[in-house]
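So the structure is just underneath, and the comments pick up after that.
The values are calculated or read from the model by the stated rules, or taken from the named source; none is laboratory data. If you're wondering where the values come from, they're calculated on a predicted model, not measured in any experiment. Cβ placement follows ideal geometry from the backbone for every residue including glycine, while neighbour counts extend to all protein chains displayed.
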Amino acid sequence: MSILVYTETENGQLKKSAFEVASYAKAVADQLGEKAVAVTINAESTNELANYGIDKVLEVKNDKLAKFSADAYAETLKNAAKQEGSKVVVLSQSANAKYLAPLLAVDLEAGYASNVTELPQTDGGFTVKRTAFTNKAFNQTSIDTDVKIIGLSNNAFGLKENKSELEKIEFEAQVSDENFGINVESIDKNTDKVSIADAEIVVSGGRGLKGPENWGMIEELAEVLGAATACSKPVSDMGWRPHAEHVGQTGKPVASNLYIAIGISGAIQHLAGVSASKTKVVINNDDEAPFFKAADYGIVGDAFEVVPKLIEKLKEFKANNA
């Protein structure tokens, strides 16, 4: 018996979310007195998983799986779960994982709980805490099926280092041409930047920046903080920034540890999409902007004066603590 976890890769490298789901799977395994087993697909190296408590990794090497296919990946995970006798399977909440999770649930006749934020309660059952209503509320969901699938909300659990002796096993995917009927390909043109989905810090700009020519200070602040850059819907609609950076209810959801909104008034759709962020900081010259009601910290002032000073202070801090 084991807890199975799918650890995703991008361009052959394990993603940050892979280490978070690995940390979570290890904690669940400790709860239930089982081992944590990871599945990787075409990963160049799996050694880092030993830092997060993984006992065994099933390494899949298959050229057919070079591009994501929900059916083929679900088939691979199904076979791995059955081989390992896994009753709990842990996935991230990436776009790809959201495609394959329902297929895997059908294949394993499993209950699937998405947007899980905490470890399960296992006294007398199996109950998980989940976000609901676009992160405006929580609910407690009981999974009564023999096999249970958990979709862990991004940045909900964090990275927990837990050294282990990692056993590596080559695993045959056993996929057929029938598993490649539908292909969904995720494309992110900003591959040289921190992705919004994996970012612990997000710096976001709105119409208050007045034009794309002023985006340099957003990017500079993000670089100093090691953050991803994002924007509001009007900014992407006007073509100032790519749609891949649009966050909110109608864009990409954000569950970062720190979300900095600069020149964003705070429309309800935007607030719904970023409400899962743990700490929200707002910089706006309108003290009645709706975002201030949702913010943990607010600065009323001109972004063109505040942000450069903030960058200067952060650079000084980093230099003094290097």
Looking at the stretch 24-74 only, could you name the residues that are outside any helix (DSSP H, G or I), among the aliphatic types (A, V, I, L, M) and modelled with pLDDT under 95?
A66
Tell me, yes or no, whether the stretch 36-57 has at least one residue that is under 22 Å from G158 (Cα atoms), outside the structural domain of A294 (by TED's automatic domain parsing), without any contact (Cβ under 8 Å) to a residue 40 or more places away in the chain and surrounded by fewer than 16 Cβ atoms within 10 Å (Cβ to Cβ).
yes
Evaluate the stretch 266-281: report whether one residue or more is touching a residue at least 24 places away in the same chain (Cβ under 8 Å) and closer than 30 Å to N320 by Cα.
yes
Test: V106 is assigned to a helix (DSSP H, G or I), modelled with pLDDT of 95 or more and not polar (S, T, N, Q):
yes
Taking the residues in the stretch 101-117 that are surrounded by fewer than 17 Cβ atoms within 10 Å (Cβ to Cβ) and of a type outside the set (A, V, I, L, M) as candidates, determine which candidate is nearest to A74 (Cα to Cα).
P102
Return the residue satisfying two criteria in turn: it lies in the stretch 4-25 and is buried (at least 20 other Cβ atoms within 10 Å of the Cβ) and touching a Lys or Arg at 6+ places or on another chain (Cβ under 7 Å), and of such residues it is nearest to V128 (Cα to Cα).
S23
Could you please find all residues in the stretch 128-172 being over 22 Å from F19 (Cβ atoms) and either in a loop (DSSP other than H, G, I, E, B) or not assigned by TED's automatic domain parsing to the domain that holds V88 (or both)?
F133, T134, N135, K136, I143, D144, T145, D146, V147, E172
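Residue-wise test of (1) under 20 Å from S153 (Cβ atoms); (2) charged (D, E, K, R).
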site	(1), (2)
I264	no, no
A272	yes, no
S275	yes, no
K280	yes, yes
I299	no, no
F304	no, no
I311	no, no
L314	no, no
Just need a number here: residues in the stretch 255-300 that are hydroxyl-bearing (S, T, Y) and either touching a Ser or Thr at 6+ places or on another chain (Cβ under 6 Å) or not assigned by TED's automatic domain parsing to the domain that holds S232 (or both).
3
Helices (runs of 4 or more DSSP H) wholly in the stretch 201-277 with at least 2 residues that are under 17 Å from Y297 (Cα atoms) and modelled with pLDDT under 95 - which ones?
268-274
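Among the residues of the stretch 278-322 satisfying the criterion of being part of a strand (DSSP E or B) and more than 27 Å from the chain's Cα centre (by Cα), which is farthest from V203 (Cα to Cα)? First the steps, then the outcome.
Going through the stretch 278-322, the residues part of a strand (DSSP E or B) turn out to be 279-284, 297-300.
Narrowing the set further to residues that are more than 27 Å from the chain's Cα centre (by Cα) leaves 284, 299-300.
Numbers: N284: 14, I299: 15, V300: 17 Å.
Looking at the filtered set, the residue picked out is V300.
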Could you list, in sequence order, all residues of the stretch 21-54 that are out of contact with any strand residue (DSSP E or B) (no Cβ under 8 Å at 6 or more places or on another chain) and of a type in the set (D, E)?
D30
